[in-house]
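The values are calculated or read from the model by the stated rules, or taken from the named source; none is laboratory data. Source: prediction; values computed, not measured. Reconstructed Cβ throughout: ideal geometry from the backbone, glycine too, with neighbour counts over all protein chains shown. These area figures cover heavy atoms from the full protein model, side chains too; ligands, DNA and RNA do not enter into them. Shrake-Rupley method; radii C 1.70, N 1.55, O 1.52, S 1.80 Å.
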Amino acid sequence: MNRKTVIKENYMFSKIFKNGRYASNYYITVYILRNYNKNAASKLGISVSPKNGCAVKRNRAKRVIREAFRILYDRLPPGYLIVVAGRKPCFERKNKMQSVLESMESAFIRLGLIKP
């Protein structure tokens with residue numbers, strides 16, 4: 001992922017949390033909002049809370065979420081702002097990237113971003 005496909009500004013996160021739709025499951029919660037520029041690349045923001053673990057666990061969760069998004073990126077339509085928030089089970093060491101990938105794919109299907 002390059003710099004153009006990452007959300008870093010706090011006001012963008014707040015806007016997506018406030019106005020977007022969401023789907024939640026065991027590992028993650030996915031928020032989406034249609035971008036004003038419908039032809040722009042879909043952007044990802046990752047939200048992990050310090051109350052779920054130390055820095056090592058949070059960074060591992062971010063790496064796993066980022067990799068799952070990278071795999072699904074080609075199937076996503078352009079023009080969406082996406083925020084993925086890791087839930088408590090996402091921070092456990094025993095979870096695998098494949099389980100987070102399946103959770104993210106099912107959330108995208110429920111939100112209507114990709115076809116089953």
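Ser103 sits among other residues whose Cβ lies under 12 Å from its own Cβ, and their net charge, with Lys and Arg +1 and Asp and Glu -1, is +1.
Residues of the chain: accessible area per residue at 1.4 Å, in Å²? Walk me through the intermediate numbers first.
Details: 7010 Å² over 116 residues.
I get 60 Å² per residue for the chain.
If I take every Cα pair under 8 Å that is 6 or more residues apart in the chain, average their sequence separation and divide by the length, what percent do I get for the relative contact order? Spell out each step's value before the answer.
Details: 184 pairs, mean separation 40.3, N = 116.
Relative contact order, the chain: 35 percent.
Listed cross-link partners Lys38/Lys115; Lys4/Lys57; Lys4/Lys94 are compared with a 29 Å cut-off, the Cα-Cα value being larger for Lys4/Lys94.
For the chain, a simple Cβ point-charge model (Lys and Arg +1, Asp and Glu -1, everything else neutral) yields a dipole of about 280 debye relative to the Cα centre.
Each of (i) 34, 18, 11; (ii) 42, 15, 10; (iii) 22, 16, 13 is a candidate for semi-axes √(5λ) of the Cα gyration tensor in Å; the one calculated from this structure is (iii).
Using only the heavy atoms of the protein chains and a 1.4 Å probe, how would Tyr11, Tyr31 rank by accessible area, largest first? Show your work: numbers first, answer last.
On the way: Tyr11 150, Tyr31 50 Å².
Largest accessible area first, the residues go Tyr11, Tyr31.
Measure nothing but the geometry: give the 0 to 90° angle between the long axis through the Cα atoms of 55-72 and the longest principal axis through the Cα atoms of the chain, rounded to 10°. In the chain, helix 55-72 runs at an angle near 40 degrees to the longest axis.
Count neighbours as other Cβ atoms within 10 Å of each site's Cβ, and list the trypsin sites (Lys or Arg not before Pro) in region 20-116 that are DSSP loop with at most 14 such neighbours.
Values: sites: Arg21, Arg34, Lys38, Lys43, Lys51, Lys57, Arg58, Arg60, Lys62, Arg63, Arg66, Arg70, Arg75, Arg87, Arg93, Lys94, Lys96, Arg110; in loops: Lys38, Arg87, Arg93, Lys94, Lys96.
Taking region 20-116 and a limit of 14 other Cβ atoms within 10 Å, the loop trypsin sites (Lys or Arg not before Pro) found are Lys38, Arg93, Lys94, Lys96.
In degrees from 0 to 90, rounded to the nearest 10, what is the angle of the helix 10-19 Cα long axis to the longest principal axis of the chain? Result, in degrees: 80.
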